[in-house]
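Only one structure is covered here, and it is reproduced in the block below.
The values are calculated or read from the model by the stated rules, or taken from the named source; none is laboratory data. As the structure is a prediction and not an experimental result, all values here were calculated from the model. Here the Cβ positions follow ideal geometry from the backbone for every residue, glycine too, while neighbour counts run over all protein chains shown.
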Ligand code: ATP
Ligand code: MG
């Protein structure tokens with residue numbers, strides 16, 4: 001936790017493959033901002049499993065627990081275990097995925113800019129599945145007032161604090177009358193506390209279409225676990241390119257920021273990974289910590305880099321290395 005005013009303790013977990021490369025690049029950008037941050041490095045992932053016998057050592061969990069925020073690179077095969085365990089340990093109930101169009105990328109429109117806020121503790125993913133017979137299985141989908149009002153309130157607060165004027169609640173209340181009926185009810189109940197924010201709700205199937213036909217009309221989407229999982233990847237598809245998409249996991253006692261991409265073994269070790277998704281994850285962290293000026297600086301440097309389109313990595317059609325992109329961003333700060 002905070003040791004003195006404006007001094008933050010940041011847990012850094014580079015992990016595997018390009019996770020290490022994009023983390024190094026991102027830390028050098030943060031260093032260039034002269035922030036008073038303490039970095040504490042922790043190990044996790046495939047290599048850690050090989051070396052220590054566990055993909056997520058207790059020591060690493062302690063480092064994350066003690067930190068104000070955590071930057072996470074990528075873990076290979078062990079990714080799901082590592083992140084799921086960290087989410088549970090830190091009770092990170094919200095998963096945030098920004099969907100934002102940047103110039104000179106594969107975005108379907110240039111005016112897309114919204115946030116998907118996904119409930120991350122219940123829904124279809126919480127309960128153990130049950131195999132009834134060889135011929136059938138059942139999975140329960142759990143919706144509680146406690147968890148859904150927490151995520152909906154988070155989404156409205158996010159809108160308020162980030163200059164967004166509308167929140168869209170996404171559900172399937174026409175078919176899932178009891179569970180998603182409750183979600184919709186809570187959405188409007190909680191929404192009453194935010195009179196200045198416009199509210200609308202859509203069925204998830206319609207939303208899947210609207211994301212393609214009118215993505216520019218969304219500002220903040222809040223939804224349950226599975227729907228959020230699916231719509232987040234649809235959102236990634238709208239703006240094209242794994243190398244650009246950050247994410248955040250937020251809890252009351254901590255938050256973890258990571259790129260959506262994985263360890264990319266096919267390009268690992270070559271020094272050609274695009275570091276922007278990791279850097280934008282750090283931008284989300286800076287905003288979370290209230291370091292708005294620093295966040296804007298990095299954000300604007302990345303926007304300028306993409307607008308100029310002179311120093312880009314291979315995934316964006318350029319020839320630059322991770323290091324060259326990083327140096328260019330630092331010079332644009
Ligand atoms: P993992 O098992 O760790 O998820 P993966 O093989 O699924 O690894 P991803 O990291 O998910 O790989 O990436 C999928 C594809 O996108 C790979 O071909 C990879 O090279 C490419 N890619 C992902 N991230 C980046 C990046 N930051 N820069 C350039 N290319 C990337
Ligand atoms: Mg992957």
Within the stretch 46-88, restricting attention to residues that are away from ligand 1 (no atom under 16 Å from the Cβ) and free of Cβ contacts under 8 Å to residues at least 12 places away in the same chain, which residue is nearest to residue 243 (Cα to Cα)?
-> 88
All positions within the stretch 235-249 that are farther than 26 Å from residue 333 by Cβ, touching a residue at least 12 places away in the same chain (Cβ under 8 Å) and more than 12 Å from ligand 2 (Cβ to nearest atom) | 235, 238, 249
Which listed residue, of 293, 233, is at pLDDT below 95 and either assigned to a helix (DSSP H, G or I) or farther than 29 Å from residue 171 by Cβ (or both) | 233
Among the residues of the stretch 189-228, write down those that are free of Cβ contacts under 8 Å to residues at least 12 places away in the same chain and assigned to a helix (DSSP H, G or I).
-> 206, 209, 210, 213, 217
Evaluation of residue 267 against (1) closer than 28 Å to residue 208 by Cα; (2) over 13 Å from the mean Cα position of the chain (by Cα); (3) in contact (Cβ under 8 Å) with a residue 60 or more places away in the chain; (4) within 16 Å of ligand 2 (Cβ to nearest atom) (one fails), failing number | (1)
The listed residue being assigned to a loop (DSSP other than H, G, I, E, B), at pLDDT 95 or above, away from ligand 2 (no atom under 16 Å from the Cβ) and touching a helix residue (DSSP H, G or I) at 6+ places or on another chain (Cβ under 8 Å), out of 43, 77 = 43
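Quick grid of which residues meet (1) closer than 26 Å to residue 126 by Cβ; (2) within 15 Å of ligand 1 (Cβ to nearest atom); (3) touching a strand residue (DSSP E or B) at 6+ places or on another chain (Cβ under 8 Å):
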position	(1), (2), (3)
234	yes, no, no
238	no, no, yes
250	yes, no, yes
263	no, yes, yes
270	no, yes, no
280	no, yes, yes
289	no, no, yes
Among the residues of the stretch 208-258, how many are surrounded by fewer than 21 Cβ atoms within 10 Å (Cβ to Cβ) and farther than 30 Å from residue 314 by Cβ?
-> 11
Please work out if residue 117 is touching a helix residue (DSSP H, G or I) at 6+ places or on another chain (Cβ under 8 Å), in a strand (DSSP E or B) and either touching a residue at least 60 places away in the same chain (Cβ under 8 Å) or more than 16 Å from ligand 1 (Cβ to nearest atom) (or both).
-> yes
Select from the stretch 270-287 the residues that are assigned to a loop (DSSP other than H, G, I, E, B) and either in contact (Cβ under 8 Å) with a residue 12 or more places away in the chain or under 13 Å from the mean Cα position of the chain (by Cα) (or both) and write down the one among them that is farthest from ligand 2 (Cβ to nearest atom).
-> 271
